[in-house]
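Step one of this worksheet: look at the structure below.
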Amino acid sequence: MAAILRALRVRLGAVVVNAALLLTFAVYSSYGGGCTFPDSWTGSWFQSGIPGLIAINATHIQSKGECSETESYDKFLLYDRSEDCYRCMVIHEKHRYVLQYKETYCSSKESLSSLCESITGDAALYSMFRKEPTPQPQACPFRPAPFTFTYNRGAGDCTYPPSRAESCTDDSRLLLRYMACPDVQATESNVEELVCLATWKEGSTRYLVGKISQVQRRNAVASDEDTYRCFIYKGQHSDKSMTYYIAQSGDATCNGLSSPTDGSRTMRLTNSDDEHNRCHFPSWIVEHHKWFSLDHTHQYHFTTKNATLKIANADGHLEEKRLVCHSILEQKDKKHIKLIAHVTKGCESGHVCLVFHRRSANVLELRSGASLWESPQDACAEPERPPYITLITTNLSPERCPIFGRYSVVSSLADSRRRRQQMTIGEDDTEVGAAECVPGLYDSASIGCGAGQDTIEFKSACASTVYTCYGSWTSNGAGYVVAAPQQPRAARPRTACLVYEHHANNDTRGASPTLSLSVVSHSCDRAALPGQPPDKAYNLTINGTCEQSSKYNSFAHRLAPAMALVVSLALAVR
């Protein structure tokens, strides 16, 4: 009897479970079977007029309902549980950051097709702009900047003085400098920054969604209602200029825009400055598209048909400047060029004077004016003496050193420092053994004596440092060598500039002339010439040429003291 009761309970339990499943299936079926939205829609969206943000996930749109049925990838039947009603939404993804939709009122359930058919062509169009995850800006379609432009806010065209649109270092930003026209109402001097977020095309009509911010009021908190704007634009190209007609919406929607000449605000941008289109950096510069500063802190990259130079931190994370060749003033012997460039740094821009010198196949020197000039004619008019910036190729090739010979180290700054240290130790009555090997204290040096005549080697009983020469030149009586110490498995050589200068000795006792040398890590700037306190210094006497043996050199040194040449080397690593 007990077994029969247990069997009845099991059977009754199964019936209850099946009944619950059938009820759930019936309710689910009444919603239309369920559906999902595209994964790319998941996130938070801003829509004008709706407080807060709209959250969308795989099955729900906040305040609209859950996906019940879909058709043709753009028509959706949504069930609103809070109101127990259904609505049709026709949703189009214009861009991964822009959704536009039309919808019906929430009503009792009808078929998807019958509900959607009630949406007319002139029904309200709503736009949603993605907020989360944070959208990445895209390049603005208006180029090449800079432009002059006229604008109209409904009271007439403001044409004089002309307004100006300038690109920023980041191609996704455009700076709009509005000028006030005395004879046109509703015009004022103002600077706005446009960040371009999304572009798309419908037939022949091109759309842009961006964010506008007031540059003079950067610290002010602006709402999404104040910053999001929609644009319609059209470009016209002629032989010498590019013109864009642009219409801007009056609020954070795409409503009220029908053509590039009809909007809350219209603009006409014109680029008539075609001079820089004929200006290019010469082949001896752009044969290597990428260069580095001597200390590898900055990268110089020539792009866009050899007319544009981008300067950035060497890690590439922070773009600093973009320079576009504007006009060439002088060029000679494929070793020197002076030009005017239009410079953009952030959203600041102007014209600057540039001078390039080709020092070797591996080395360039650049002098860049410190001031930005609005007029290109002013950029090179004022005499400036900017510092030299040494640029090296990404793949350095060894070159012959400009100095040759074998030398003995007579004394050095390291000797002086060690003596000072020993004197200090004696004063303290503390017994401390002097180091047998002092860094930087060498006994001999050979310059240009390797097989390729491209090395400078310093030796002592316990240490050796070998530099490889990568390029050399002379200027105003001084010599310059770009070199780097040899390092096994080094990611890149620690390049430095060796600056040397010959000095005649007028001592009547017949003292030999001297040669001073300094090593600077950041650039071959002329301020690196000797005269500043060196970090390391050596006095050397010449033993002879690279081909002569040490024994012969020593014998020659004893027999012919007139051959002795005192060389002072200052190694100042900054």
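The values are calculated or read from the model by the stated rules, or taken from the named source; none is laboratory data. These numbers were taken from a predicted model, which means no experiment stands behind them. Quick reminder, even Gly has a Cβ in these numbers, built from the backbone with ideal geometry, and neighbours come from all protein chains shown.
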Among the residues of region 132-153, write down those that are assigned to a strand (DSSP E or B) and surrounded by fewer than 17 Cβ atoms within 10 Å (Cβ to Cβ). GLU132
Only one of THR344, THR297 is among the β-branched types (Val, Ile, Thr), within 18 Å of the chain's Cα centre (by Cα) and either crowded, with 20+ Cβ neighbours inside 10 Å or within 23 Å of THR148 (Cα to Cα) (or both). Can you tell me which? THR344
Is there a residue being small (Gly, Ala, Ser) and touching a helix residue (DSSP H, G or I) at 6+ places or on another chain (Cβ under 8 Å) anywhere in region 292-310? yes
I'd like to know if region 113-131 contains one or more residues that are within 29 Å of ARG322 (Cα to Cα) and outside any strand (DSSP E or B). no
The one condition in (1) surrounded by 16 or more Cβ atoms within 10 Å (Cβ to Cβ); (2) in a loop (DSSP other than H, G, I, E, B); (3) over 26 Å from the mean Cα position of the chain (by Cα) that CYS230 fails to fulfil: (2)
Going through region 52-72 one residue at a time, which ones are in contact with a Lys or Arg (Cβ under 8 Å, 6 or more places away or on another chain) and in a loop (DSSP other than H, G, I, E, B)? LEU53, LYS64
Can you find, within region 154-212, the residue that is surrounded by the most Cβ atoms within 10 Å (Cβ to Cβ) among those that are more than 27 Å from the chain's Cα centre (by Cα) and either on the phi > 0 side of the Ramachandran plot or of a type in the set (Lys, Arg) (or both)? ARG206
Can you name the condition, by its number, that PRO182 falls short on among (1) assigned to a loop (DSSP other than H, G, I, E, B); (2) farther than 30 Å from PHE76 by Cα; (3) in contact (Cβ under 8 Å) with a residue 60 or more places away in the chain? (3)
Which pairs turn up if I take residues in region 138-150 that are touching a residue at least 24 places away in the same chain (Cβ under 8 Å) and look for partners that are among the acidic types (Asp, Glu) and in a loop (DSSP other than H, G, I, E, B) with beta carbon separation below 8 Å, at least 6 apart in sequence or on another chain? ALA139/ASP171; CYS140/ASP171; ARG143/ASP171; PRO146/ASP273
Of all the residues that make up region 448-470, how many are touching a residue at least 40 places away in the same chain (Cβ under 8 Å) and closer than 14 Å to GLU399 by Cβ? 9
Please state which of the following conditions ALA370 fails to meet, knowing it meets all the rest: (1) modelled with pLDDT under 90; (2) over 27 Å from the mean Cα position of the chain (by Cα); (3) surrounded by fewer than 14 Cβ atoms within 10 Å (Cβ to Cβ). (2)
Could you tell me how many of the residues in region 101-112 are surrounded by 17 or more Cβ atoms within 10 Å (Cβ to Cβ) and assigned to a strand (DSSP E or B)? 3
